[in-house]
Amino acid sequence: MDRQTRPLPTPDTDEPVPRRPRRGWRLLAGLLFVILLVVVGARLTWSWLNPLGEETIDRSSPVLLKSIQNLSRYEAATGNFQVIVDLEKDANFLPDAIKGTRTLFVGVGNVDAYVDFSRLSKDAITVSPDGKIVTVRLPHAQLEKPNLDNRKSYVFAQQRGLFDRVSDFLSSSPGNQQELYMLAEQKIADTAASSDLRNRADQNTKATLEGMLKALGFTTVVIEYSGEP
């Protein structure tokens, strides 16, 4: 028998050909990826070639230990102080707008009160024959130099004349605050000296020694002070 071959069906030319959406999404994703690479590369290149960028390099030398001192003192009390320094400098024959400065500086620091046990004499501690009474002769508490906190101390306000502004602009170290710190330290030291800080340190030292010596078996502890407070 002869086989009959049938012709292949041909598509109807009047029907629209369906589009392929996947190909469009792939092109869009590729384009976005290229744009992302260009943006990231541009930012990296600018950060590397930025002429206005700054780089911090620490070339400090290693810390040198010069000496070690043994401490033989008892830190008995600490006073916290705050002072506002109002420093004004005026010219004799010029107005403040031309020549003159006024600075308000807030100084915050502390002063330690301590008892120096290295100053005790050989007979500073005496014990009664029965071993129940001990007498301790102490020096009065002293005040350490004020320690200003650089993080809390700051210039609150400042007014400068025209000449002072130009001078600070041309100076290699404008706005030198050393004088302000020194004034703040001196005022804090004077206030600490007139306060009850040393008396409080004497009382704390006495209470500490009484508790320690009674724990050692002494029933009576006598604390005496030598010299002026």
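The values are calculated or read from the model by the stated rules, or taken from the named source; none is laboratory data. Remember, predicted model here, so these are calculated numbers, not experimental data. For neighbour counting, all protein chains shown are included, and Cβ atoms are generated from backbone atoms with ideal geometry for every residue, glycine included. These area figures cover heavy atoms from the full protein model, side chains too; ligands, DNA and RNA do not enter into them. Shrake-Rupley method; radii C 1.70, N 1.55, O 1.52, S 1.80 Å.
For this structure, a couple of remarks:
- Matching residues, region 172-185, being modelled with pLDDT under 55 and either in a helix (DSSP H, G or I) or farther than 21 Å from Val106 by Cβ (or both): Ser172, Ser173
- Here Ile188 qualifies as among the hydrophobic types (A, V, I, L, M, F, W, C), at pLDDT 90 or above, closer than 19 Å to Lys152 by Cα and open to solvent by less than 50 Å² (accessible area, probe 1.4 Å).
- Single condition Gln158 does not satisfy, out of (1) polar (S, T, N, Q); (2) open to solvent by 70 Å² or more (accessible area, probe 1.4 Å); (3) assigned to a strand (DSSP E or B); (4) modelled with pLDDT of 80 or more: (4)
- Filtered residues of region 191-225 (kept if part of a strand (DSSP E or B), touching a helix residue (DSSP H, G or I) at 6+ places or on another chain (Cβ under 9 Å) and either free of Cβ contacts under 8 Å to residues at least 60 places away in the same chain or open to solvent by 70 Å² or more (accessible area, probe 1.4 Å) (or both)): Tyr225
- Residues in region 91-117 that are loosely packed, with under 15 Cβ neighbours inside 10 Å and at pLDDT below 85: Ala91, Asn92, Phe93, Leu94, Pro95, Ala97, Ile98.
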